[in-house]
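Written out below as structure tokens is the structure these notes cover.
The values are calculated or read from the model by the stated rules, or taken from the named source; none is laboratory data. All of these numbers come straight from a predicted model, not from anything done at the bench. Ideal geometry is used to build each Cβ from the backbone, glycine not excepted, and the neighbour counts take in all protein chains shown. Surface accessibility is based on the protein's heavy atoms, side chains included, excluding ligands, DNA and RNA. Shrake-Rupley method; radii C 1.70, N 1.55, O 1.52, S 1.80 Å.
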Amino acid sequence: MNRFPVIEMKGISKRFPGVIANDNISFRVYPGEIHALLGENGAGKSTLMSILAGLYRPDSGTIKVKGEVIRLHSPRKALEEGIGMIYQHFRLVNNFTVAENIVLGSKHVNWGIKQERIQKETREISHNYGLEINPAVRVNQLSLGEQQRVEILKMLYRGCDILIMDEPTTVLTPGEVKELFQVLRIMSRQGKSIVLITHKLNEVMEIADYVTVLRRGKVVGDDRIENLDEGILTRMMVAREVVYSQAQRDSSPGGVILNVDNLKIQGDRGNIAVHEVSFNLRRGEIMAIAGVAGNGQRELVEALAGLRKAVSGSIEYEGEEIKHYDAKSRIALGINMVPEDRIGMGLVPNLSVIDNSILRSYYKEEFYSGWFLNYNKIRSYTDRIINEYNIVLSDSNHPVNYLSGGNLQKLLLGREIDQKPRVLLASYPIRGLDVAAAEGVYDLLLKERDKGTAILLVLEDLDDIFRIADRVAVMYQGFIRKILDVEKTSIDEIGSIMVGTELAGV
Amino acid sequence: MDNTALSALLAATMIAGTPILFAAAGELLAERSGILNLGVEGMMLVGAAFGFICTLSTGNHWLGLLAALAGGGFMASIHGLITITLRGNQVVSGLALTIFGSGLSGFLGKSYQGAPMLFKFESLHVPVLGNIPFLGPVLFRHDPMVYLCILMAAAMWYLLYKTRWGLTIRSVGENPQAADAVGINVGRVRFLCTIVGGMMAGLGGAYISLVYAPTWQENMTAGRGWIAVALVIFALWNPSRAIIGAYLFGGIEALTFRLQTMGIHISSFFLAMFPYIATIVVLVLVTIRRRQDAGAPEALGLAYDREER
């Protein structure tokens, strides 16, 4: 494109405890450009843009805005430089009117605030960009699409010329998406730069001028849209060299233990999160659920574990209908779950390793002497778990949140596996773990599989699926689109199904 | 009850409501910014002690008020440090502040126990208006603090609802993420509101030791700080309602003293309960009606950490 970049980020790195979110990233945006920042969940897109918006400070790297090196130490500083970010969760004050939200924190507005006046200003600018909205309405009465309009107007009111939008279309209806793209094109024509954080390829192809692809915190490719197609982008987003592990080949699945038929599940907001899915799970196999997060995986696993009610359909366990069983009776049957949120749902962070290790079995007689917990027995039980599952820690009396991510996961997995489950449900068991820790978790899972346990794994990284799973069910928008034999499929095939752009002929 | 007695009761109501309104308006400001400060009682006590000692030793009650401002502000800054800078628990810190304030004021005032205040605010006698029968003595013959207090509460209403600063303060209490995203310094706004809130509590305390009961007694605020906290809820975080509530609660306090002399037998304990019962009733009503705009600030009591994920 023309002239100099408005934004030039160089060598940006940012770590969070246990995770490298951004690893030496360089990123450029030119004036008037619609730039898509593409990648899977957890690839580091939002972190990189939060750094640009002044919300996070990078551990290293420099940022040039309009040619000058600038330290963006706060959102205020970023706004002064003309950089505005619209987050996935809108930053709006629900109890304020549209106009109040738009002028909030701005210096253009007079000290004494007159409602008529700020509403008139709001109306004017919303007119200019074709973003119609009633300025006198409270934000909590607006739809998500309308709230997004308020966010855009807020940035325009502040005179931002670089607008970052984090997954802007997830909350929109198809019609609203069209309108949004229309507005973005108007803005781009006026010389404003727009960065779209997204993982939807069709949108990228439709609106973007330039694409940068992130994967695991690194830039894996960037180019003008003319030089790209969806196939290339899919490969960049999800693929790496695939190493088939030997252990995986040795699987010998037995009979069906869990049979799910036409299961329909409600989401948190009363929507239907999972539409009539059917599949079965066999003893001694690992079935992976692939899909971009938020396509119904969480709801499916929760429904299988008894934490969420199914609307219709059936779940048969060894031929027995268990749809109406609660979580505790399902555990008693041997269906155990390792939740996605280790420290929030799986473990109690401020309790010791010892206490956490018996959370699932504290009521069993073996841990009691009469009325009282017998800590000698519990301690030896904990020690056994620590040894058996190679958990590294300095003192099992310490709160569990002192452990690293990998050890947390091993403790959690160990605790569940020790219950001798017959069906194990695990969500993102290696999320955020480094290679060695992930290896440890794989080994545990494969060993468990070889003992004949049926394992259902929710995974987001396709490489992991090829490493460990026997079969893979690909979810997209609440449907299981396909169940594939891992040996007979390819990353491209899975990748295109999970982003909703199945390749021609499929 | 004859006219004179009624007018005396209403005049006493104005006086009794003043310290509560000072403290409540201050607490309201802090809570609007999202900081719950349960240390009002402690801040009032320290303000009362500072105000009393400074006035007695300098002979100037205006200097005494300045000292009370400083005392209350100092106490509140401890709360700010713990809850805003260090993101500590607001309830724990506030309760500690109350206990600390009670101890500190008792210690400072030990040698003044029971001493009378020699320098008093002269009551204004508003010309013309003060001569109106009945209303004159009720409304227009008080000391300047009574009027300053109403003025401050009214100014606070204007500030919160009609100015840019007010919008800023309320946004920080409602949704600090949103405020931060548009460049508002959340910590600074909260600190400022907390300290100004503490200063007003200090003034409220000083009013008790300088005017209301012009003497020094240990723990002389006698729970008015808690009434102020309740009043903020009763007023649903709106200063204009706080003015009404303060005189309602003040009137009950004034009544408590007078009922016995009038030979009416209602237990004084029952009257002392009234402000709290009224607050609970209001809370229940509001919860039933679920009015979005009339509730507590959404982020009240929550620490803000920008990088929290």
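Results, tabulated for the structure shown:
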item: Net +/- balance of residues flanking residue A:472 in space, Cβ distance below 9 Å, scoring K and R +1, D and E -1; result: 0
item: Principal axis dimensions, largest first and in whole angstrom, of chain B by Cα; result: 64, 47, 39
item: Given 16 as the ceiling on other Cβ atoms within 10 Å, longest exposed-site-free region of chain B for GluC sites (Glu not before Pro) in DSSP loops; result: B:1-121
item: Rg over Rh [alpha-carbon atoms, Kirkwood Rh] for the stretch B:148-219; result: 1.14
item: For the protein assembly as shown, the spread of Cα positions along each principal axis, largest first, Å; result: 99, 79, 47
item: Proportion of all alpha-carbon pairs of the stretch A:348-446 beyond 16 Å (%); result: 55 percent
item: Overall form of the stretch B:169-285 per C-alpha gyration tensor (a/c, 1.5; a/b vs b/c); result: oblate
item: Equivalent ellipsoid semi-axes - Cα gyration tensor, the stretch B:108-156, angstrom; result: 29, 17, 8
item: The protein assembly as shown, dipole about Cα centre (Lys/Arg Cβ +1, Asp/Glu Cβ -1), debye to the nearest 20; result: 1820 debye
item: Net charge of neighbours whose Cβ lies under 14 Å from the Cβ of residue B:159, counting Lys and Arg as +1 and Asp and Glu as -1; result: +4
item: DSSP-defined antiparallel bridges as percent of all bridges, the protein assembly as shown, nearest 5; result: 55 percent
item: Å³ per residue enclosed by the Cα convex hull of the stretch A:144-279; result: 180 Å³
item: Helical segments meeting 24 Å axial Cα length and Kyte-Doolittle 0.5 threshold in chain B (DSSP H); result: B:3-32, B:40-58, B:61-80, B:90-108, B:144-162, B:186-207, B:239-261, B:268-289
item: Helical contribution to [θ] at 222 nm, DSSP H n ≥ 4, -39,500 (n - 2.57), averaged over chain A, rounded to 500; result: -9500 deg cm²/dmol
item: Rg followed by Dmax, in Å, when the stretch A:59-204 is reduced to its Cα trace; result: 15.5, 47
item: Helix-only CD estimate at 222 nm, as mean residue ellipticity for chain B, using -39500 (n - 2.57) per DSSP H run (n ≥ 4); result: -22500 deg cm²/dmol
item: Cα-Cα pairs of the stretch A:272-380 separated by more than 24 Å (percent); result: 40 percent
item: Separation between Cα centres of the stretch A:90-141 and the stretch A:303-347, rounded to whole Å; result: 47 Å
item: Directionally averaged projected area (convex hull, Cα atoms, the stretch A:30-120), nm²; result: 8.2 nm²
item: Loop-resident sites, the stretch B:197-294, for trypsin sites (Lys or Arg not before Pro), counting at most 12 other Cβ within 10 Å (DSSP); result: B:290, B:291
item: Helix A:375-388 axis, angle to chain A major axis (alpha carbon atoms, nearest 10°); result: 70 degrees
item: Separation of alpha-carbon centers, the stretch B:12-32 and the stretch A:425-502, rounded to whole Å; result: 62 Å
item: Counted charge near residue A:59, where neighbours are those whose Cβ lies closer than 9 Å (Asp, Glu -1; Lys, Arg +1); result: +3
item: Peptide-level mean, for A:148-158, of C-beta atoms on other protein chains within 10 Å; result: 1
item: Net dipole in debye of the stretch A:1-86 [+1 Lys, Arg Cβ; -1 Asp, Glu Cβ; about Cα centre; nearest 20]; result: 180 debye
item: 10 Å Cβ neighbours from other chains, averaged over peptide A:95-105; result: 5
item: Where chymotrypsin sites (Phe, Trp or Tyr not before Pro) fall in DSSP loop in the stretch A:68-177, at most 14 other Cβ within 10 Å; result: A:111
item: C-alpha center-to-center spacing [the stretch A:63-80, the stretch B:173-224] in angstrom; result: 36 Å
item: Beta bridge orientation in the stretch A:342-469: antiparallel %, DSSP, nearest 5; result: 40 percent
item: Shape call, the stretch A:21-78: gyration tensor on alpha carbons, a/c limit 1.5; result: oblate
item: Other protein chain Cβ atoms within 10 Å, averaged over every residue that makes up B:168-180; result: 5
item: Whole-number accessible area per residue in Å² for the stretch A:97-239, which is evaluated in the context of all protein chains at 1.4 Å; result: 42 Å²
item: Shape of the stretch B:193-261, Cα gyration tensor, a/c cut at 1.5; result: oblate
item: Using distinct alpha-carbon pairs, which all enter the 1/r mean, Kirkwood radius of the stretch B:5-77 in Å; result: 13.4 Å
